[in-house]
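What follows is one structure encoded as structure tokens, with my remarks underneath.
The values are calculated or read from the model by the stated rules, or taken from the named source; none is laboratory data. Predicted model, so just to flag it, every value in this text is computed and none were measured. Glycine gets a Cβ as well: all are built from the backbone with ideal geometry, and neighbour counts include every protein chain shown.
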Amino acid sequence: MAVSYKDLGLVNTKELFKKATEGKYAIPAFNFNNMEQMQAIVQACVETKSPVILQVSGGARKYANQTLLRYMAQGAVEYAKELGYNIPIVLHLDHGDTFELCQSCIEYGFSSVMIDGSHHSYEENVALTRKVVEYAHKYDVSVEGELGVLAGIEDDVVAEHHTYTQPEEVQDFVSKTGVDSLAISIGTSHGANKFKPDQCTRNAEGILIPPPLRFDILEEIEKKIPGFPIVLHGSSSVPQQYVKTINDNGGNLKDSIGIPEEELRRAAKSAVCKINIDSDGRLAMTASIRENFILHPEWFDPRQYLGPAREELKKLYAHKTVNVLGSAGKA
Ligand SMILES: [Zn+2]
């Protein structure tokens with residue numbers, strides 16, 4: 001059942017990244033796997049007139065079902081129009097780990113895929129990425145590659161430590177593979193526990209401040225491949241009010257520390273033109289649901305607690321496009 005993303009009304013990342021690099025902002029890549037998340041993303045991005053990348057991991061694809069996702073993405077495009085503004089929407093595979101998964105996603109209407117060969121040797125990463133690019137470009141689908149490994153947990157992949165991207169490798173990797181964008185490792189991290197408290201310092205109010213991102217590495221990379229679209233994964237800020245609400249209402253999250261929004265704001269003004277945010281959405285939804293379960297023990301209709309959770313998510317996403325990524329008004 002091969003279908004082209006073009007028939008679903010989706011776009012690839014090419015034009016979006018070009019404009020984002022020139023305009024010094026970043027496109028949000030928000031992960032989703034259910035209807036409420038998709039609605040919140042589309043509502044927020046239509047309201048703030050932001051282009052958006054709807055992002056699905058391999059695990060989320062298994063969870064939601066590939067056929068449903070294809071229609072949900074098509075639905076997102078139509079929904080945006082119905083809400084009154086035709087924003088550009090990309091459907092992107094996050095952390096594709098095999099050629100076959102990327103191929104299957106392209107056949108099911110994805111307009112962009114990531115092939116993450118960063119856990120392989122450099123040569124194997126080049127070969128795998130090249131193979132995906134050759135296939136994807138036949139269908140005008142954009143491809144994101146990765147050099148360097150982020151610490152943290154992403155679906156089933158766990159890495160203990162960062163392996164920062166080596167600026168000496170990027171030019172060779174980009175030219176040999178033909179990728180359209182490159183995910184790099186400069187200190188962002190997957191999951192809601194990006195740093196251990198002992199890696200952080202405390203400010204006057206006792207708030208934990210994580211170690212800064214390695215902007216020096218980013219600058220080196222920009223010198224090697226000027227104007228080339230760079231991607232940051234693991235860029236949730238882990239808002240402490242959500243962590244508190246979760247823990248005040250029966251949750252037990254420990255050492256939840258994210259990337260300060262000022263650092264992401266700074267990154268968005270550089271060659272970084274795609275910023276991935278997943279954990280913040282999970283936290284917003286969970287905080288809202290936990291709070292409502294305690295406040296309204298009599299509720300049992302999922303709409304009663306998923307509705308406010310969707311509203312909270314929408315607020316979070318709108319905040320990101322306006323105040324963090326600078327993508328608001330760019331659609
Ligand atoms: Zn990632």
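Identify all residues within segment 122-136 that are surrounded by 17 or more Cβ atoms within 10 Å (Cβ to Cβ) and either small (Gly, Ala, Ser) or closer than 10 Å to PHE173 by Cα (or both); write none if there are none. Within segment 122-136, ASN125, VAL126, THR129, ARG130, ALA136 qualify. Residues in segment 195-219 that are buried (at least 16 other Cβ atoms within 10 Å of the Cβ) and part of a helix (DSSP H, G or I): ILE217, LEU218.
Give segment 183-218 a look and list any residue that's without any contact (Cβ under 8 Å) to a residue 24 or more places away in the chain and of a type outside the set (Ser, Thr, Tyr), or say none. Passing the criteria: ASP198, GLN199, ARG202, ASN203, ALA204, GLU205, GLY206, ASP216.
Please count how many residues of segment 99-109 are in contact (Cβ under 8 Å) with a residue 24 or more places away in the chain and more than 16 Å from the ligand (Cβ to nearest atom).
Residues meeting the conditions: 7.
Cβ separations smaller than 7 Å between residues 6+ apart or across chains give no pair from segment 1-30 residues that are closer than 17 Å to VAL113 by Cβ to residues that are at pLDDT below 95 and assigned to a strand (DSSP E or B). Just one residue in the set VAL174, VAL179 is within 16 Å of the ligand (Cβ to nearest atom) and modelled with pLDDT of 95 or more; that residue is VAL179. Among the residues of segment 256-266, are any over 16 Å from the mean Cα position of the chain (by Cα), under 24 Å from SER57 (Cβ atoms), small (Gly, Ala, Ser) and surrounded by fewer than 20 Cβ atoms within 10 Å (Cβ to Cβ)? Looking through segment 256-266, none of the residues is over 16 Å from the mean Cα position of the chain (by Cα), under 24 Å from SER57 (Cβ atoms), small (Gly, Ala, Ser) and surrounded by fewer than 20 Cβ atoms within 10 Å (Cβ to Cβ). Within segment 188-200, the presence of at least one residue that is β-branched (Val, Ile, Thr), under 27 Å from GLY117 (Cα atoms), modelled with pLDDT under 95 and within 16 Å of the ligand (Cβ to nearest atom) is confirmed. Looking at (1) touching a residue at least 60 places away in the same chain (Cβ under 8 Å); (2) more than 15 Å from the ligand (Cβ to nearest atom), can you tell me which one ALA80 breaks? Only one criterion is unmet by ALA80, namely (1).
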